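The values are calculated or read from the model by the stated rules, or taken from the named source; none is laboratory data. As the structure is a computational prediction, the values presented were derived from the model and not from experiment. Ideal geometry is used to build each Cβ from the backbone, glycine not excepted, and the neighbour counts take in all protein chains shown.
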Amino acid sequence: MHGVIEIPAKLIRNHSVKAADWLDSLPGALERYVGEWDLTVDGDLLSGEASLIVPVVRRDGTAAMLRLQRVDEESESEALALRTWNHDDVVEVLEDDPATSTILLERLKPRTLDDLPDHVEATRILAELLSRLMVVPAPPGVRTLADIAAGMIDDAPRIIPLLADPAERALTWRFVAMVKELLPEPGDRLLHWDLHYLNVMAAERRPWLAIDPKPLAGDPAFELMPAVWNRWDDLVATGDLHQAIRDRFDLMLEVTGIDRERALGWTAGRILQNILWFTEDGDTRIENELAAVADALFS
């Protein structure tokens, strides 16, 4: 128990070591924004991986969700991005405080694209949403894909040698080379960066809305990987994993019109990014799902 509210166990697990002070600040932050924005708490406290989510009701009776999160590179442009995209495609920001990355969002239905039984239909809906999001120019101040990609290239010589398998090291260096080739033209569209099935929710005013962006300015081809390797069990259940991966990738390209070569190059960049993250955290082999996507798309 922290203060007068019970912090969800997931948040405590994820942040008790690296952000204990932030956890301890949550009761006071909740009290502050409930008062400042004239809200009434309307249900049990929820959590994402990095935020406390509180069902609330505004003074006019509108149901909403109060999101309390740490200020970091991912959260600081979230409200800006959501206000930049078309209102019909993303969750609405009702209030926000840029100093703390606290956001009051419209309340959506408790249903995501992950709940849709047909994973192919879910992929098509996600791709149609991406096709609308990806045409919007990024506003000033958003992090850039150019910087993210350059950071991966800089980190590669330190991290790739930690992989135990020479073939996996060679494959990862191949991905580095592909990113280097694309880096001179990194793009300038507003990217979500984490557009997967759990981050598309049902709503009253529209069938589906995107939530929880990690805003980035760059090439929309960088957006495909989350759709490709989420809902993994559905891919496995087809009985031909590699073909199912290729089919999903092809469907995303068909709907969005993203150029295939750039899509392959930036998807290699997403695989590289995950390999570097996981290896830096202690893995010495490429994670099985990443390896399967690499094999399906780049063999």
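What to note about this one:
- Of residues in the range 154-183 being in a loop (DSSP other than H, G, I, E, B) and over 24 Å from the mean Cα position of the chain (by Cα), the one nearest to Glu92 (Cα to Cα): Leu163
- Taken over the range 9-26, the residue count meeting the criterion of being surrounded by fewer than 17 Cβ atoms within 10 Å (Cβ to Cβ) and of a type outside the set (S, T, N, Q) is 10.
- Look at the range 91-113: where a residue is under 16 Å from Gly35 (Cα atoms) and a partner is modelled with pLDDT of 95 or more and among the small types (Gly, Ala, Ser), sitting 6+ places away or on another chain with Cβ atoms under 6 Å, you get Leu94/Ala64; Asp96/Ala79; Ile103/Ala79; Leu104/Ala64.
- Remark: pairs (first residue in the range 162-188, closer than 21 Å to Asp219 by Cα; second residue of a type in the set (D, E, K, R) and in a loop (DSSP other than H, G, I, E, B); Cβ separation under 9 Å; 6+ apart in sequence or on different chains) = Leu182/Asp219; Glu185/Asp219; Pro186/Asp219; Gly187/Asp219; Asp188/Asp219.
- Scanning the range 42-75 for residues that are touching a residue at least 12 places away in the same chain (Cβ under 8 Å), closer than 12 Å to Leu94 by Cβ and surrounded by fewer than 20 Cβ atoms within 10 Å (Cβ to Cβ) gives Val57, Arg58, Arg59, Thr62, Ala63.
- For Pro117, the test of being without any contact (Cβ under 8 Å) to a residue 40 or more places away in the chain and outside any helix (DSSP H, G or I) is passed.
- On inspection, Gly43 fails the criterion of being out of contact with any strand residue (DSSP E or B) (no Cβ under 8 Å at 6 or more places or on another chain) and not assigned by TED's automatic domain parsing to the domain that holds Asp147.
- Residue count, the range 281-299 (criterion: within 20 Å of the chain's Cα centre (by Cα) and over 14 Å from Arg169 (Cα atoms)): 3
- Subset of the range 194-252 [part of a helix (DSSP H, G or I), in contact with a Leu (Cβ under 7 Å, 6 or more places away or on another chain), under 25 Å from Pro110 (Cβ atoms) and small (Gly, Ala, Ser)]: Ala227
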